[in-house]
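This report refers to the structure that appears directly beneath it.
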Amino acid sequence: MTLKAVIFGFILFISFVAFAFSLKRMVALISIGKPENRLDQLGIRIKKMLTVALGQTKLFREPIPGLMHAFIFWGFLVLLTAIIESILEGFGFSLQFLGILYNPLAFLQELFTGLVIIGVGIALYRRYIIRPKRLQVNKHSQIHATIILFTILMIMISMLGQNATKILLEGSNHNRFLSHIFASVLTSNEYLTNILLFEFYWWTHILLILAFLNYLPYSKHAHILTSIPNVFLTSLEPKGALKPINLEAENVDKFGASDVDDLTWKQLLDGFTCTECGRCSAVCPANTTGKLLSPKKIMEDIRHRTEEKGRALKKKTVTIKEGEKNPLENTLLHNYVTATELFACTTCMACMQECPVNNEHVPAIIDMRRSLVLMESNFPQEAQVVFKNLETNFNPWAFSASSRAEWAEGLNISQLAQFPDYEILFWVGCAGAFDARYIKVTRAFAKLMQKAKIKFAILGSEEKCTGDSARRIGNEYLAQMLMKDNIATLNSYNVKKIVTMCPHCYNTLKNEYSQFGGNYEVIHHTEFLAMLIDEGKLKITKEEISKITFHDSCYLGRYNDIYDSPRKILYSIKGITNVEMKRSYSKGLCCGAGGGRMWMEELEGKRVNIERTEEALALKPNIIGTACPFCMTMFEDGIKDKEATDNVKIKDIAEILSDVVE
């Protein structure tokens with residue numbers, strides 16, 4: 001064995017041992033979290049891993065940055081073969097034993113080396129020339145990112161130099177077209193010099209790789225190691241479902257998450273997988289309108305606190321310097337994440353939609369809200385009024401529960417208790433029953449069902465709030481009380497099929513009631529109306545000469561992938577011109593009312609509903625179309641603020657359709 005092989009073997013062994021130690025440390029830190037099963041439905045998980053992690057589908061939602069990252073990511077996957085070959089060369093071997101397969105492999109290595117260099121160039125151009133807001137981070141992070149990019153660049157150049165000198169020394173290029181192109185720059189005309197250059201390039205290449213490998217677990221680029229597993233371990237529960245707390249469990253004196261060991265190990269893994277790309281914060285309605293909340297910061301805080309607590313737990317004794325606080329006495333809540341940040345979240349899930357590694361920001365935020373509400377009674381003052389009304393009146397307002405069916409006066413609508421021969425239950429919802437503006441929508445939809453001769457009934461005063469707002473504000477106890485009461489009522493009538501106008505009711509009934517024994521077929525009214533049109537039960541006989549822009553409700557769209565049915569209804573009406581806002585479909589901007597924000601004042605920055613209203617008004621529509629009572633309220637307030645009520649009307653899809661159906 002040569003001296004080079006001995007020295008290299010020792011370095012390689014030390015590097016791999018150090019890397020294994022670093023991985024063990026990371027696993028130990030993540031193990032601080034609570035247990036959770038994420039190994040079910042392996043087929044679906046593998047498919048998700050192939051499409052999202054390896055296929056980079058989420059990154060291509062922004063084409064240029066997506067292509068840039070894909071070049072680098074796919075390049076490193078292919079160039080793992082080149083790294084293996086470099087390691088073999090340290091011991092005097094190569095991959096040429098592959099025979100006829102070696103030439104195409106060498107071609108692919110060259111191709112992806114070029115793509116990685118292009119990707120690095122685009123990344124540097126974006127970071128220093130284009131300078132998008134989400135990349136304008138602190139100076140330390142900027143320097144760190146630049147060092148990483150130049151390290152990747154040097155790994156590629158040293159590999160080209162290694163191959164270029166080998167071409168001259170061995171006399172065969174094996175389809176190494178890129179190395180051949182750069183040979184005049186990277187090599188010499190002297191044989192002995194090329195031998196020295198080969199050794200220089202080889203050592204530079206392999207040492208940079210080993211150094212980079214051992215640096216990863218301690219940097220924000222740890223996602224290179226964790227992103228593929230993290231995507232594989234994505235939650236397969238319905239997107240709109242929050243996990244319940246077992247409020248009746250014995251020996252449980254703590255609810256929600258005040259520190260990292262209250263979160264699950266997967267939530268801690270999310271923190272280590274965060275790429276700090278800022279895509280989540282760039283689409284967050286709270287962050288983009290000047291609030292403190294940054295989903296990216298939440299992920300960073302989880303990681304930093306996990307590392308802090310992990311180090312403290314590992315030490316048998318903790319030395320506290322004067323003026324410092326014991327790290328074991330710190331918590332994720334308050335020391336890292338504030339209540340102000342958490343309650344700014346609208347739970348719109350735009351952050352999770354855009355995250356290229358499938359981090360789950362919203363569940364972590366809700367878990368911390370639960371701790372604030374249930375353990376500290378720490379929540380915005382307005383929420384106290386909502387909680388009280390939900391407890392006493394079973395709706396967020398002070399309206400008496402006994403008046404819940406008054407909206408139906410004069411329509412001859414049966415209540416479930418008196419109409420056993422029904423086909424579908426119409427879940428009216430609190431806004432549909434009590435909000436003066438949305439009652440018009442409720443009546444319009446009910447009349448459409450009557451015209452279609454649908455046998456439907458309502459619960460009337462037996463219906464209670466679904467618990468959506470209480471649950472997302474963090475009051476899991478109150479939410480479960482309402483949910484279980486409703487489920488008992490629904491099951492007593494053997495309800496199987498429900499239609500509702502409110503996406504928040506829809507999401508809760510469809511995705512969360514099954515957690516407590518309530519299993520129903522739930523349909524949103526836009527889906528139902530589109531179906532009635534298709535079946536010929538509703539006939540459109542009039543035109544509507546209007547320019548309409550439709551706003552996607554987060555709980556209808558991102559939560560439940562319903563984008564087409566409301567538009568299908570609009571397209572079926574002659575005279576309507578539908579114009580899309582820049583942020584629409586899965587990229588739609590929240591109205592600002594989700595996550596219980598409907599009931600809270602915005603005291604920071606610009607109001608979210610004003611931001612969204614301005615985007616809609618910029619298209620100069622006659623009508624802003626909605627399919628959610630919360631969205632309607634926020635737009636009504638928005639156009640009043642912009643003094644546009646004389647020019648623009650806010651209408652639900654049911655109202656628009658009602659105007660053209662006889």
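The values are calculated or read from the model by the stated rules, or taken from the named source; none is laboratory data. Everything quoted here is computed from the prediction, not taken from an experiment. Please note: Cβ atoms are built from the backbone with ideal geometry, for glycine as well, and neighbour counts cover all protein chains shown. Note: accessible area is taken over every heavy atom of the protein model, side chains too, but ligands, DNA and RNA are not part of it. Shrake-Rupley method; radii C 1.70, N 1.55, O 1.52, S 1.80 Å.
Below, the figures for the structure above:
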quantity	calculated
Unit Cα scatterers, Debye sum, the chain: log10 I(q)/I(0) for q = 0.11 Å⁻¹	-1.12
Stretchable slack from LEU619 to PHE150, in nm (0.36 nm times residue separation minus alpha-carbon distance)	164.5 nm
Inter-label distance for GLN515 and THR392, nm, one decimal - labels placed 7 Å from Cα along Cα-to-Cβ	2.8 nm
Compactness index (Cα Rg / 2.2 N^0.38 Å), segment 89-229	1.20
Exposure of TRP202 as accessible area (Å², to 10), given a probe of 1.4 Å and all protein chains	0 Å²
On Cα atoms only, tilt of 295-314 relative to the major axis of the chain in degrees	60 degrees
Cα-based helix-to-principal-axis angle, 223-232 vs the chain, degrees rounded to 10	40 degrees
Spin-label pair SER414/ALA312, simplified geometry with 7 Å Cα→Cβ offset, distance in nm	6.3 nm
Cα shape, segment 20-103, gyration tensor, a/c 1.5 rule	oblate
Degrees separating the helix 476-492 axis from the principal Cα axis of the chain, which is the longest one	60 degrees
Pairs of alpha carbons in segment 292-431 whose separation is greater than 21 Å (percent)	64 percent
Extension gain from LEU12 to SER492, taking 0.36 nm per residue of separation minus the Cα-Cα distance	166.0 nm
Nitroxide proxy distance, nm - points 7 Å out along Cα→Cβ at TYR477 and PHE93	6.5 nm
Volume of the Cα convex hull of segment 194-260, divided per residue and given in Å³	159 Å³
Semi-axis lengths, Å, segment 463-546, gyration tensor of Cα atoms, sqrt of 5 times eigenvalues	31, 16, 9
For segment 484-620, fraction of C-alpha pairs farther apart than 25 Å, in %	41 percent
Full-stretch length increase - ASP253, LEU328 - with 0.36 nm per residue and alpha-carbon distance subtracted	25.1 nm
Surface accessible to a 1.4 Å probe, per residue, for the residues of the chain, Å²	44 Å²
Solvent-accessible surface ranking, highest first, for LYS582, LYS497 at 1.4 angstrom	LYS582, LYS497
Cα-based Rg of segment 320-379 normalised by 2.2 N^0.38 Å, two decimals	1.39
Accessible area of ASP435 in the full protein assembly, 1.4 Å probe (Å², nearest 10)	40 Å²
Rg over Rh [alpha-carbon atoms, Kirkwood Rh] for segment 1-69	1.20
D_trans [Stokes-Einstein, Kirkwood Rh over alpha-carbon pairs] for segment 197-315, 4 °C, 1.567 mPa s, µm² s⁻¹	74 µm²/s
Square roots of five times the Cα gyration tensor eigenvalues for segment 383-490, Å	26, 15, 11
Segment 414-572: Cα Rg divided by the 2.2 N^0.38 Å rule of thumb	1.06
